[in-house]
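Worksheet: one structure, shown below.
The values are calculated or read from the model by the stated rules, or taken from the named source; none is laboratory data. The structure presented is a predicted model; accordingly, all values stated were derived computationally and were not measured. Here the Cβ positions follow ideal geometry from the backbone for every residue, glycine too, while neighbour counts run over all protein chains shown. The area values use the complete protein model at the heavy-atom level, side chains included, leaving out ligands, DNA and RNA. Shrake-Rupley method; radii C 1.70, N 1.55, O 1.52, S 1.80 Å.
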Amino acid sequence: MSDYVQMWKDLGMDLETHDALCQVLPTAFGDVYLSQENRPEAMGFWDFVVSEIHGIRPSELIEAQKNGRKVFGTFCVYVPDEVVIAADGIVTGLCGGSQFWVPGGEKVLPKSTCPLIKASVGARLDRTCPFFRIADMYVGETTCDGKKKAWEILGEDVPMYIMDIPQMKREKDIEKWAQEIAAFAAVVEEQTGNKITVEKLNDAIRIINEKRKAMARVFAATKGKNLPISGKDRLLMTQIAFFDDPARCAQMCNKLADELDERNAKGVRVFPAGTKRILLSGTPLAIPNWKLHHIIETSGAAVVCEEMCTGTRYFENLVEEDKTTLEDQYMALSRRYMKNNCACFTPNTGRIDDILRLAKEYEVDGVIDVNLKFCCLYDTEGYTVEKALKDAGIPVLGIETDYTDTDAEQLRTRIEAFVEMLG
Amino acid sequence: MEYFIGIDIGSTSTKTAVLDENGKPVCLFVMPTGWSSIDTAETVRRQLLEEGIDPEKHACIATGYGRIAVPYANKTVTEITCHARGAMALFDCGDITVIDIGGQDTKIIRTENGIVRDFVMNDKCSAGTGRFLEVMANSLAVRPDELCDLAAMGGGASISSMCTVFAESEVISLIGSGEKKENIAYAVVDSIVKKVATQAGRLEGGGQLVCLTGGLCECGYIVKALSAALKRPIVTKSDARYAGAIGAALTARKGA
Ligand code: SF4
Ligand code: SF4
């Protein structure tokens, strides 16, 4: 990593602890990523971003702040980036995906909180992640109970704005979410000092739609028999998309998609023929959570798609463009975001439909349904997911895990057995 | 003569099975796994040599949690697949539910038409495993098999905690309060059986032949209690503890 020490100091970070993190990441990345063979060349961009993960993008954000721009940190794919971008603000994802931050979170949260929440709170309170220091405002949502209460604790340390997410998907809920988006827009305007106009919002909608389309192209490349990219690499692209500038993200994803299309045309692949095709469904895999992908892809199978917020839920469905009033635009945004199927909603049959559809589209041999430990919502929904898949004759393996490595061997046995079962 | 060797390195004991060309066992043996799976694999190799079988010269498959520690194995296959294959052969049935109470994990496997259809394994915690039984037997100062025999004569008491550590302190306070050993032993077995029955219930609605494999299959009372909990007969055999090793040897024979 280049020398960012002064920047980290200025951000008030705990340098000593942060050093420990900086030391483990390159080894982990080397073991999991760089050991793969025949990776697409375009992955070089993401390798570079990871090698400077706490340096390069943070310094861009700080530059932007010096020019008066505001940075909003978000934790959920329901929070509309478009509104922030329309006010010339910047969005950065803030979900923690490393065990490194969990003990910090456990200082203030019950142990029986999901690791994603614990890591996110720990990263802030322990001052070991620049993104958590940089964000001018955190935007939370009322999705799961763990998050709702964690916001109250984080709110003592950093300005928080909470969006009230509906729990159902009736027309009145979609209207309500549109109102919440409008209210959020007012807060963003106040924070940034910039007015959101119809024109600016349409531009922002287009920018994010382009990013979605580009990511969809990368995903589409693994629908066919030939697998030109590993699941791990695709996951990395998705994870970084939460942090990057959306226009650059679209550009890089398109470049990668071009290369993958070319590889597909030439039959260049990263897995031998006959490798079992797995759809992962379930809770999000925040960076640097690569554990399951690594185990699966070193057990004779490949992850061809993720039905996750770090997967299809992030880019599927576009926002209708070219509306002529803000009111219509907020409604168009709400309609798109409310198509997302998170286990926080009831009923959530759309998610079952999604999983069955993706299993077909990606011609998977089996589904692994993943649950972050202590996520009661996805855990409970796992029953319905497994039942629907079994009824459809699609093999499914339910797995519960956290960010530690202590269960890696047990998981490997289960996953290898599942792959053996697939034939 | 061509032989097929299966080695099942479990967390507590290591089972070896050698089959002839017809799939008939020519030798079966078990030993403690000890601290190092690598050393155990070497002991197995030497014992095989004594029997006149050089594992390097015959097809050999390793399974179990120490499966990667067998340098002379041609391949590793998970214990799920091996237990299923071994049990199907032992009980001559392609549609079977296998309950294997192992040292560190308990697995329940359902096969249909001779192939694995579904399986569940307990998670990190050791409730409902052989380890749980061992720890409790220790607190009662008896051997695990004695604990089973005692349990058959007991009744009444119960342990509520699923966690081995908490359950152990429950056992200790039962001892302290003067509860009879038989009744405590009963409570221990009852706790394992309930946990395993719940897991099994998740996998299958009933109707299939159910068999018990693994080290506890020789304990008659567990088989009986489990049958009662599942409300159906459970079959077992003394060779059932070798199900994993036999399945591995059969896999070697299939050339897979
Ligand atoms: S899983 Fe649900 S709460 Fe979490 S990021 Fe996704 S949509 Fe938001
Ligand atoms: S994984 Fe579950 S518990 Fe964790 S933040 Fe997401 S919805 Fe909440």
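What distance in nm separates the two pseudo spin-label positions at B:Ser36 and A:Leu34, each 7 Å out from Cα along the beta-carbon direction?
Going by the 7 Å Cα→Cβ label model, 3.2 nm.
With a Förster radius of 30 Å, plug the Cβ-Cβ distance of B:Lys224 and A:Glu409 into 1/(1 + (r/R0)^6) and report the FRET value to the nearest 0.05. Spell out each step's value before the answer.
Numbers: r = 34 Å, r/R0 = 1.12.
Efficiency for this residue pair is about 0.35.
Is there a simple number for the mean count of other chain Cβ atoms within 10 Å of the Cβ of residues in A:410-422, and what is it?
Details: counts 7, 2, 3, 10, 8, 1, 7, 13, 5, 2, 10, 11, 1.
That average works out to 6.
Please calculate how many Å² of accessible area the protein assembly as shown carries per residue, with a 1.4 Å probe and no DNA, RNA or ligand atoms counted. Walk me through the intermediate numbers first.
Working: 27460 Å² over 679 residues.
That works out to 40 Å² for each residue.
Looking at chain B, which longest stretch skips every one of the GluC sites (Glu not before Pro) that is in a DSSP loop with at most 14 other Cβ atoms within 10 Å, leaving the sites themselves out? Numbers along the way, then the final one.
Details: sites that count: B:Glu2, B:Glu21, B:Glu51.
That gives B:52-256 as the longest site-free run.
Could you give the size of the charge dipole of chain B about its Cα centre, using +1 on the Cβ of each K and R and -1 on the Cβ of each D and E, expressed in debye and rounded to the nearest 20? Write down the numbers at each step before the final one.
On the way: 26 positive and 30 negative charges, 105 e Å.
That gives a dipole near 500 debye.
Can you pull the accessible area of B:Cys163 for me, 1.4 Å probe, Å² to the nearest 10?
50
Spin-label point model (7 Å from Cα, Cβ direction): what's the A:Lys148 to A:Lys213 distance in nm?
About 3.9 nm separates the two model spin labels.
Amide H of A:Gly96: which non-local residues (sequence gap of 5 or more, or other chain) have their own amide H closer than 5 Å, using H built in the peptide plane?
A:Ser120
Starting from the Cα-Cα distance between B:Val165 and B:Ile115, subtract it from 0.36 nm times their residue separation and give me the gain in nm to one decimal. Let's see the in-between values first.
Numbers: separation 50, 0.36 × 50 = 18.00 nm, distance 3.72 nm.
Taking 0.36 nm per residue and subtracting the Cα distance, the gain is 14.3 nm.
Tell me, what ³J(HN,Hα) does each residue in segment A:153-163 have, in order and in whole Hz, if you take phi through Karplus 6.51 cos²θ - 1.76 cosθ + 1.60 with θ = phi - 60° and put x for Gly and Pro?
Values per residue, Gly and Pro as x: 6, 5, x, 6, 10, 7, x, 10, 10, 10, 9 Hz.
Using +1 on the beta carbon of Lys and Arg, -1 on that of Asp and Glu, and nothing else charged, what's the dipole of segment B:94-236 about the Cα centre, debye to 20? Could you put the intermediate results ahead of the total?
Values: 14 positive and 17 negative charges, 57 e Å.
Dipole magnitude for segment B:94-236 comes out near 280 debye.
Report in % the part of the accessible area of the protein assembly as shown that belongs to carbon and sulfur, leaving out ligands and nucleic acids; probe 1.4 Å. All intermediate terms of the calculation are to be shown ahead of the outcome.
On the way: 14170 of 27460 Å².
Solvent-exposed carbon and sulfur of the protein assembly as shown make up 52 percent of the total.
Cα centroid distance between segment A:332-377 and segment B:69-125, in Å?
Measuring centre to centre over Cα atoms gives 31 Å.
Per residue of B:113-122, count partner chain C-beta atoms within 10 Å of its C-beta, then hand back the mean as an integer.
Working: counts 0, 0, 3, 6, 3, 7, 5, 3, 5, 1.
Across the residues of B:113-122, the mean count of other-chain Cβ atoms within 10 Å is 3.
Applying the Karplus parametrisation 6.51 cos²θ - 1.76 cosθ + 1.60 with θ = phi - 60° to the phi angles of segment A:36-48, what ³J(HN,Hα) value in whole Hz is obtained for each residue in order, glycine and proline being reported as x?
Using θ = phi - 60°, the values come out as 6, 9, 6, 6, x, 4, 4, 5, x, 4, 6, 4, 5 Hz.
For the protein assembly as shown, what is the mean residue ellipticity at 222 nm derived from helices alone (per DSSP H run of n ≥ 4: -39500 (n - 2.57); sum divided by total residues; nearest 500 deg cm²/dmol)?
Numbers: 27 runs with 325 residues, N = 679.
Rounded to the nearest 500, the figure is -15000 deg cm²/dmol.
Which one, B:Ala187, A:Ile205, A:Gly55, projects farthest toward the positive side of the charge dipole computed for the protein assembly as shown from Cβ point charges (K/R +1, D/E -1)?
About the Cα centre, the residue reaching furthest to the positive side is B:Ala187.
Could you work out how far apart the two model spin labels at A:Arg206 and B:Asp95 are, taking each label as a point 7 Å from the Cα in the direction of the beta carbon, and quote it in nm?
6.2
Quick one: of A:Lys232/A:Lys255; B:Lys181/B:Lys224; A:Lys339/A:Lys360; A:Lys169/A:Lys200, which pairs are farther than 25 Å apart, Cα to Cα? Intermediate values should be presented prior to the final figure.
Values: A:Lys232/A:Lys255 18 Å; B:Lys181/B:Lys224 20 Å; A:Lys339/A:Lys360 20 Å; A:Lys169/A:Lys200 28 Å.
Violating the 25 Å Cα-Cα cut-off are A:Lys169/A:Lys200.
About its Cα centre, what dipole magnitude does the protein assembly as shown give when the only charges are +1 on Lys and Arg Cβ and -1 on Asp and Glu Cβ, stated in debye to the nearest 20?
1040
How much solvent-accessible surface does A:Trp101 expose, in Å² to the nearest 10, with a 1.4 Å probe and all protein chains in place?
Result for A:Trp101: roughly 20 Å² accessible.
Shape verdict for the protein assembly as shown, please, from the Cα gyration tensor: rounded (a/c under 1.5), prolate (a/b greater than b/c) or oblate. Show your work: numbers first, answer last.
Details: a/c = 2.11, a/b = 1.77, b/c = 1.19.
Prolate shape, in that a/c is at least 1.5 and a/b is the bigger ratio.
For A:Lys339, what accessible area in Å² do you get when you roll a 1.4 Å probe over the heavy atoms of the protein chains, rounding to the nearest 10?
The value for A:Lys339 is about 110 Å².
How many square angstrom of accessible surface are buried between A and B, both sides summed, with a 1.4 Å probe and rounding to 100? Intermediate results must be reported in sequence, preceding the final value.
Values: alone 17140 and 11660 Å², together 27460 Å².
Interface area, both chains combined: 1300 Å², rounded to the nearest 100.
Once you order the gyration tensor axes a ≥ b ≥ c over the Cα atoms, which shape class does segment B:94-236 get: rounded for a/c under 1.5, otherwise prolate or oblate by comparing a/b with b/c?
Working: a/c = 2.29, a/b = 1.89, b/c = 1.22.
Judged from the Cα gyration tensor, segment B:94-236 comes out prolate (a/c at least 1.5, a/b above b/c).
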